[in-house]
Amino acid sequence: MKLKVPSFINKKNIIKLLINRYFLIGVGFALLLLLGENSLVYYYKLHKQLRQIEEKKEFYSKEMKQDSINIIKLKTDIDAIEKYGREKYMMKKDNEDIYIIR
């Protein structure tokens with residue numbers, strides 16, 4: 001079984017299309033978008049990197065707020081200092097035992 005090729009597709013029409021300046025400009029523009037210095041692929045990578053940096057920025061700003069709250073508590077509250085020392089550095093009083101459950 002042979003495939004029938006439409007009558008408008010022949011060598012003469014294909015050559016006319018390839019020589020057409022608008023077609024050539026369109027192909028050049030498409031190649032520039034895909035392969036150029038500021039291509040769509042490069043733009044996508046930069047956009048992805050920007051999102052990651054914004055997420056890190058949000059995370060660190062939350063951490064800074066939490067740390068500033070902790071600093072204020074540690075400067076003003078003696079019980080907070082004791083709690084921090086017990087949790088962070090596993091300090092204990094002389095007459096007590098500590099059991100670590102993880």
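Condition check ((1) at pLDDT below 90; (2) of a type outside the set (Lys, Arg); (3) at positive phi; (4) surrounded by fewer than 10 Cβ atoms within 10 Å (Cβ to Cβ)) across all residues:
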residue	(1), (2), (3), (4)
LEU18	yes, yes, no, no
GLU55	no, yes, no, no
ASN70	no, yes, no, no
LYS73	no, no, no, no
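Would a scan of the range 64-81 turn up a residue that is within 30 Å of LEU17 (Cβ to Cβ) and in contact with a helix residue (DSSP H, G or I) (Cβ under 8 Å, 6 or more places away or on another chain)?
Checking the range 64-81: not a single residue is within 30 Å of LEU17 (Cβ to Cβ) and in contact with a helix residue (DSSP H, G or I) (Cβ under 8 Å, 6 or more places away or on another chain).
Of all residues in the range 51-69, how many are within 18 Å of TYR84 (Cβ to Cβ) and of a type in the set (Lys, Arg)?
1
Only one residue in ILE101, ILE81 is exposed (fewer than 10 other Cβ atoms within 10 Å of the Cβ) and not hydroxyl-bearing (Ser, Thr, Tyr), so which one is that?
Of the residues listed, the single one that is exposed (fewer than 10 other Cβ atoms within 10 Å of the Cβ) and not hydroxyl-bearing (Ser, Thr, Tyr) is ILE101.
The conditions are (1) surrounded by fewer than 10 Cβ atoms within 10 Å (Cβ to Cβ); (2) in the same structural domain as ILE100 (by TED's automatic domain parsing); (3) modelled with pLDDT of 85 or more, and LEU50 fails exactly one of them. Which is it?
Only one criterion in (1) surrounded by fewer than 10 Cβ atoms within 10 Å (Cβ to Cβ); (2) in the same structural domain as ILE100 (by TED's automatic domain parsing); (3) modelled with pLDDT of 85 or more is unmet by LEU50, namely (1).
The values are calculated or read from the model by the stated rules, or taken from the named source; none is laboratory data. None of the values given here were measured: they were computed from a predicted structure. Because the Cβ atoms are built from the backbone with ideal geometry, glycine has one as well, and the counts that use them run over all protein chains shown.
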